[in-house]
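Participant: First the structure, then my questions, so here it is.
The values are calculated or read from the model by the stated rules, or taken from the named source; none is laboratory data. Small disclaimer: the values here were computed from a predicted structure and weren't measured. As a convention, Cβ positions derive from the backbone with ideal geometry for all residues, glycine included, and neighbour counts pool all protein chains shown.
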Amino acid sequence: MASTAFYAQNAAGEHWLTGAGFTWGPLFTRMAQQVMDGTWEPTNDVGSLASGYAALAPYGPLVYEETKALVESSKAGLISGSLEVFPGPIVTQHDRLARPRRHGSDFLVSGTGSASAGSP
């Protein structure tokens, strides 16, 4: 996996746990083929484990087998959609139901900051 995880793994040596890497080759190959076919349209492709654009780097030598199994189980749940990371509901600092967006937010979660911070 050619990514920043590769460089971090080398620097961490035996203390390396794992890391995230991005494998953009399949995405760029698909886009290039679409351009050549005249079918390309702009899209917002976000890399994920399910899409194959993101991957976990190899585990380091000090990671326990039980930990690897737990991570692999969670990874499978993320890919299948059975593991819901933020099941909600998410309530803002103004006690209103939040409308999560794919990227970023304009609110604080209830109980995590000043009631005057952010916007409703």
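Participant: Can you work out which of the residues in the stretch 50-70 that are hydrophobic (A, V, I, L, M, F, W, C) and within 19 Å of Ala8 (Cβ to Cβ) is surrounded by the fewest Cβ atoms within 10 Å (Cβ to Cβ)? If you could, list the steps in order and put the result at the bottom.
Facilitator: The initial filter retains those residues of the stretch 50-70 that are hydrophobic (A, V, I, L, M, F, W, C), namely 50, 54-57, 62-63, 69-70.
Next, from what is left, pick out any that are within 19 Å of Ala8 (Cβ to Cβ): 54-57, 62-63.
Working: Ala54: 17, Ala55: 17, Leu56: 16, Ala57: 18, Leu62: 10, Val63: 14.
Checking each candidate, the answer is Leu62.
Participant: Within the set of pairs 6 or more residues apart or between chains, which connect a residue that is more than 17 Å from Leu17 (Cβ to Cβ) inside the stretch 68-79 to a residue that is acidic (Asp, Glu) with Cβ atoms less than 9 Å apart?
Facilitator: Correct list of pairs: Gly77/Glu84.
Participant: Please enumerate the residues belonging to the stretch 13-52 that are part of a loop (DSSP other than H, G, I, E, B), over 23 Å from Leu83 (Cα atoms) and of a type in the set (Val, Ile, Thr).
Facilitator: Matches in the stretch 13-52: Thr39, Thr43.
Participant: Among the residues of the stretch 99-107, is there at least one that is at pLDDT 85 or above and among the basic types (Lys, Arg)?
Facilitator: No, the conditions are met nowhere in the stretch 99-107.
Participant: Could you tell me whether the stretch 71-89 includes any residue that is in a loop (DSSP other than H, G, I, E, B), loosely packed, with under 13 Cβ neighbours inside 10 Å, at pLDDT below 90 and among the polar types (S, T, N, Q)?
Facilitator: Looking for residues that are in a loop (DSSP other than H, G, I, E, B), loosely packed, with under 13 Cβ neighbours inside 10 Å, at pLDDT below 90 and among the polar types (S, T, N, Q), one finds none in the stretch 71-89, hence no.
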